[in-house]
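Here's the structure, in structure tokens; my notes come after.
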Amino acid sequence: MRRVAVVVFPGSNCDADTLDAARAAGADSYYVWHRETDLEQPDVVILPGGFSYGDYLRSGAIARFSPIMDAVTAHARADGPVLGICNGFQILCEAGLLPGALMRNARLRFLSRPVRVRVEATDTPCTHLYRHGEELVLPIAHGDGRYVADERTTAELEAEGRIVWRYIGDNPNGSTRDIAGICSAGRTVVGIMPHPERRTASIVGGTDGARVFLSLEAAHATQHAGDVRAVGGHHLGLR
Amino acid sequence: MAAYRVEIRVMPRAALLDPQGQAVNHALHALGFAEVGNVRVGKHLVLHLDAPTPDAATTRARAMCDRLLANPVTEDYELLVEAA
């Protein structure tokens, strides 16, 4: 059972769904208020969706200076998994933990509907239980979801396989290269605009998002197995 | 120390799509302002601060823009500092 900290900002509104989704996947998930400075030793940190600080100035611009963000940055720098969903993704970009920015949707409308995305990277802590190329239906709910970055950055994301999810069929918001989600160079910081936490049970329309949370939960087992192999291979001199 | 008034203009990068500017452009055309070629929508911030010199006020205001008021990925800014 992994410890999953869900950070709550003033204006977060997907925190309860995110906490439940992590819990349903087997995690010990708990809230951390943004004014705190201690994440209480989490294995995973999730920044949930919503409208932190009313999206004033720019989405995520003020939340990224919340006191808890120093601890989130330290966790990320120590290769701890961090997932930002929707407004959480915007905050990670504003904080410089992910490159680029999320701008107003190309057609200006706030969009709240299911979209199709393809999983394009399965070597992240959030996607290792998906098949590469698998197509999912996940809901979006955002006004500022158009991912932008300079040419060099997008080329780098492409070359390093850091575009984790891409919109397929219709690009809802004009996002560069149909980007729906990306990860950091170290692959442990992940941001996604659609809401996997809203598709974790058939009764709410599907389970395509559940494996994001199951992946985060199972990463522990994988890591542990890796440790055992390292011990077996090197320290004990076995082949 | 003297009081300064700083006007900050934050604009979306020229190379980036500005859907707000496009929507305003369309609305102006619909109203018969056919001469309008291009519209971009940005932000205008006005703040008051105390500093020892105009240069010091400018330096501080630039630091504010770089850290918070403008996003270096998507926006450019210009400052105007004057005695308040």
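The rows are residues; the columns are (1) within 13 Å of another protein chain (Cβ to nearest Cβ); (2) more than 30 Å from A:Phe110 (Cβ to Cβ); (3) charged (D, E, K, R).
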site: B:Arg9; (1), (2), (3): no, no, yes
site: B:Asp18; (1), (2), (3): yes, no, yes
site: B:Val24; (1), (2), (3): yes, no, no
site: B:Val81; (1), (2), (3): no, yes, no
Could you tell me which residue of region A:13-50 is nearest to the other protein chains (Cβ to nearest Cβ), considering only residues that are under 25 Å from A:Pro139 (Cα atoms) and of a type in the set (Phe, Trp, Tyr)? A:Tyr31
Can you find even one residue in region A:80-97 that is modelled with pLDDT of 95 or more, among the charged types (D, E, K, R) and buried (at least 20 other Cβ atoms within 10 Å of the Cβ)? yes
Complete set of residues in region A:137-165 that are touching a Ser or Thr at 6+ places or on another chain (Cβ under 9 Å) and basic (Lys, Arg): A:Arg146, A:Arg162
Cβ-Cβ under 6 Å, sequence separation 6+ or interchain: first residue in region B:63-77 and more than 8 Å from every other protein chain (Cβ to nearest Cβ), partner part of a helix (DSSP H, G or I). Which pairs? B:Tyr77/B:Cys65
A:Tyr56 - would you say it is over 14 Å from the mean Cα position of the chain (by Cα) and modelled with pLDDT under 95? yes
Got at least one residue in region A:51-63 being out of contact with any helix residue (DSSP H, G or I) (no Cβ under 7 Å at 6 or more places or on another chain), free of Cβ contacts under 8 Å to residues at least 40 places away in the same chain and away from every other protein chain (no Cβ under 14 Å)? no
Among A:Gly84, A:Gly88, which is the only one that is in a strand (DSSP E or B), under 18 Å from A:His195 (Cα atoms), touching a Leu at 6+ places or on another chain (Cβ under 9 Å) and among the small types (Gly, Ala, Ser)? A:Gly84
All positions within region A:94-149 that are over 21 Å from A:Thr188 (Cα atoms), within 13 Å of chain B (Cβ to nearest Cβ), touching a Leu at 6+ places or on another chain (Cβ under 8 Å) and hydrophobic (A, V, I, L, M, F, W, C): A:Met103, A:Ala106
Residues of region B:26-46 being within 14 Å of chain A (Cβ to nearest Cβ) and surrounded by fewer than 13 Cβ atoms within 10 Å (Cβ to Cβ), which ones? B:His26, B:Ala27, B:His44
Looking at region A:39-50, which of its residues are buried (at least 21 other Cβ atoms within 10 Å of the Cβ) and part of a loop (DSSP other than H, G, I, E, B)? A:Pro42, A:Pro48, A:Gly49
Filter region A:120-175 for residues that are free of Cβ contacts under 8 Å to residues at least 60 places away in the same chain, polar (S, T, N, Q) and under 25 Å from B:Val73 (Cα atoms) and give the result. A:Thr153, A:Thr154, A:Asn171, A:Ser175
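The values are calculated or read from the model by the stated rules, or taken from the named source; none is laboratory data. Source: prediction; values computed, not measured. Here Cβ is always computed from backbone atoms with ideal geometry, including for glycine, and neighbour counts include all displayed protein chains.
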